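Just below is one structure, and these are the notes that go with it.
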Amino acid sequence: MSTQVHADLTESQVEQISSDLDEPEWLLETRKAALAALDDLEMPDVIQTPGRKWTNLDALDYESLVDPLDYAQDKDRIDAEGVDVLSWSEALDQHGDLIEDHFGSVVDPQRDYLTALSTALFSAGTVVYVPEGVDAEDVKIRTTMNSQSLFNYTLVVAEESASVTILERQENGDAVEGNQYYSGVVEASVGENAYVQYGTLQNLSEETYNYQVKRGHADTYGTLDWIDGNIGSRLTKSNVETRLLGDSSESQIVGAFFGHDDQHFDIASRVWHEAEHTVADLVTRGVLDDKARSVYEGVQDVGREAWDTSSYQRENTLMLSDESEADASPKLIINNHDTEASHSATVGQVDEEDMFYMTSRGVNPDAAKNMLVEGFFVPVLDEVEVDELREDLDQLIYERLRN
């Protein structure tokens, strides 16, 4: 491996973070094991298309980006009636057994190099616990990064017949200049007949390198919906994943990104159908301007026991500049003949006929283009149940177009 970020990391630093958060011994040992595993782990898989590797995570200068003991942040949490939305230390104190049962059960702490690094060093933690039968909306988590690097961890546990919508935002404060590194891991456990919609809006500075894994398990009749909005960052590597483990479980993964200047987005959406009568819908739309680049991979994996599966995928990228670059790699892996599935991907520029129609009726070209872009995102925005997330994403798109 060409990158040796861990050369400057020590067990004592990991112990200091764990001590600051007043963690139990089992969690400290999990951190130490992740640190020790770095020597043997590879970087996360990146999306490759024929003849091209789009993203080179090894090229980042992690030694200058990562400062393990500097994790300044502001964390705002807004809970809902019946739901516990707790800091990491509070959650360990109140729900220690629950965390021990679920931590690392959805996202392997040693899944790859960057995930293990986050396991060893995470300092910004939130637990969202939704007890059986609770129906809640508008849980909100806002993370403001005030240090050069920040490792964030979120655990969501929704028990049987519980329901919750969650909005998470990530942004930078004004305290740090220069390149920064943000890492976020989300684990979601959705119980029988439970419903979770988890929406994220990433608007980090364009000097920030951003690595995120969001992964969930859905039990029988459970539903897990993800919304992954990416506007900021210099480089984003985002993985959003659902395993449909219970009969009649469902998942929707909705993605939206808007890149300009020389931003780079590497976006992956994946779903595994592992039980009967499961349903998945993957919808992603992105816009690129200037020299921005994107690559998208969507995977629908239908297992041998996944009878009566319905699985759909659509990805569309709109390029506003001749210098922007985009590619898409949708994949179907089907091991059961009792399946209804489809996938599609398009990459193209603003339709000339649409532009001609609007400009011939007196709309100036810039305004016409902006209107077409805003309309392009409507099918994605219509899928967002959290009003505040939909409105914020729409506003950020509006501001970018006019700037």
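Any idea what the dipole of the chain comes to, in debye rounded to 20, about its Cα centre with Lys/Arg Cβ at +1 and Asp/Glu Cβ at -1?
On the way: 27 positive and 83 negative charges, 243 e Å.
Using only the charged Cβ atoms, the result is roughly 1160 debye.
Find the relative contact order for the chain and round it to a whole percent, using C-alpha pairs within less than 8 Å whose residues are 6+ positions apart.
Contact order relative to length: 10 percent.
So which trypsin sites (Lys or Arg not before Pro) in the stretch 297-403 are both in a DSSP loop and have at most 10 other Cβ atoms within 10 Å of their Cβ?
On the way: sites: R304, R314, K331, R361, K369, R390, R400, R402; in loops: R304, R361.
Hits after loop and neighbour filter: R304, R361.
For the full complex of protein chains and a 1.4 angstrom probe, list Y398, Y195 by accessible area with the highest value first.
Putting Y398, Y195 in descending order of accessible area: Y398, Y195.
I'd like to know which of L288, V299, W272 lies farthest towards the positive end of the charge dipole of the stretch 222-306, counting +1 on Cβ of Lys and Arg and -1 on Cβ of Asp and Glu.
L288
Considering only DSSP beta bridges where both residues belong to the chain, give the percentage that are antiparallel (nearest 5). Kindly include the intermediate steps, with their values, before the conclusion.
Values: 12 of 143 bridges.
If I count the DSSP bridges inside the chain, around 10 percent turn out antiparallel.
Sort largest first and round to whole Å: the equivalent ellipsoid semi-axes of the stretch 164-310, each the square root of five times a Cα gyration tensor eigenvalue.
31, 16, 11
Report, ordered by chain and residue number, the lysines lying within cross-link reach of K53, taken as a straight Cα distance under 22 Å and ignoring same-chain residues fewer than 8 apart.
Partners found: K237, K291, K331.
Given a cut-off of under 8 Å on Cα pairs at least six residues apart, what relative contact order in percent is computed for the stretch 254-329?
That works out to 38 percent.
Quote the relative contact order of the stretch 1-135 in percent (integer), defining contacts as alpha-carbon pairs under 8 Å separated by 6+ residues.
Normalised by residue count, the contact order of the stretch 1-135 is 37 percent.
Using the Karplus curve 6.51 cos²θ - 1.76 cosθ + 1.60 with θ = phi - 60°, what ³J(HN,Hα) values do you get for each residue of the stretch 282-293, in whole Hz, with x for Gly and Pro?
10, 10, 9, 9, x, 10, 10, 10, 6, 10, 5, 10
If you take all C-alpha pairs in the stretch 29-87, what percent of them are over 18 Å apart?
66 percent
Which value, in Å² rounded to 10, gives the accessible area of D135 with a 1.4 Å probe and all protein chains present?
About 120 Å², rounded to the nearest 10.
What net charge is computed for the residues neighbouring L57, neighbours being all others with C-beta under 11 Å from the C-beta of L57, Lys and Arg scored +1, Asp and Glu -1? Display every interim value, and only then the final one.
Numbers: positive: K53, K237; negative: E42, D45, D58, D112, D266.
Overall, the nearby charge balance is -3.
How much accessible area per residue does the chain have, counting only protein heavy atoms and a probe of 1.4 Å, in square angstrom?
Per-residue accessible area for the chain comes out at 40 Å².
Within the chain, which whole H helices from DSSP have a Cα span along their axis of at least 20 Å and a mean Kyte-Doolittle hydropathy of -1.0 or more, if any?
Qualifying helices: 365-381.
What does the charge count around E305 come to, taking other residues whose C-beta lies under 14 Å from its C-beta (Lys +1, Arg +1, Asp -1, Glu -1)?
-4
Select one label from (i) 39; (ii) 12; (iii) 17: the one whose number is percent of Cα pairs over 41 Å apart as derived from the coordinates shown.
Comparing each candidate, only (ii) matches the computed number.
Tell me, what % of the accessible area of the chain is carbon and sulfur with a 1.4 angstrom probe? Before the final figure, lay out the partial values.
Values: 6520 of 16250 Å².
Reported share for carbon and sulfur atoms: 40 percent.
Please report the net charge: other residues with Cβ closer than 15 Å to the Cβ of D289, K and R +1, D and E -1. Can you show the working numbers first?
Numbers: positive: R285, K291, R293, K369, R400, R402; negative: E206, D261, D262, D290, D322, E323, E325, D366, E374, E399.
That sum, taken over residues with Cβ under 15 Å, equals -4.
Sticking to Cα atoms, compute the Rg of the stretch 169-233 to one decimal and its Dmax as the biggest Cα-Cα distance, whole number, in Å.
14.8, 47
The values are calculated or read from the model by the stated rules, or taken from the named source; none is laboratory data. Keep in mind it's a predicted model, so treat the numbers as computed, not measured. With ideal geometry, Cβ positions are generated from the backbone for all residues, glycine too; neighbour counts draw on all protein chains shown. We work out accessible area using only protein heavy atoms, side chains counted, and drop any ligands, DNA or RNA first. Shrake-Rupley method; radii C 1.70, N 1.55, O 1.52, S 1.80 Å.
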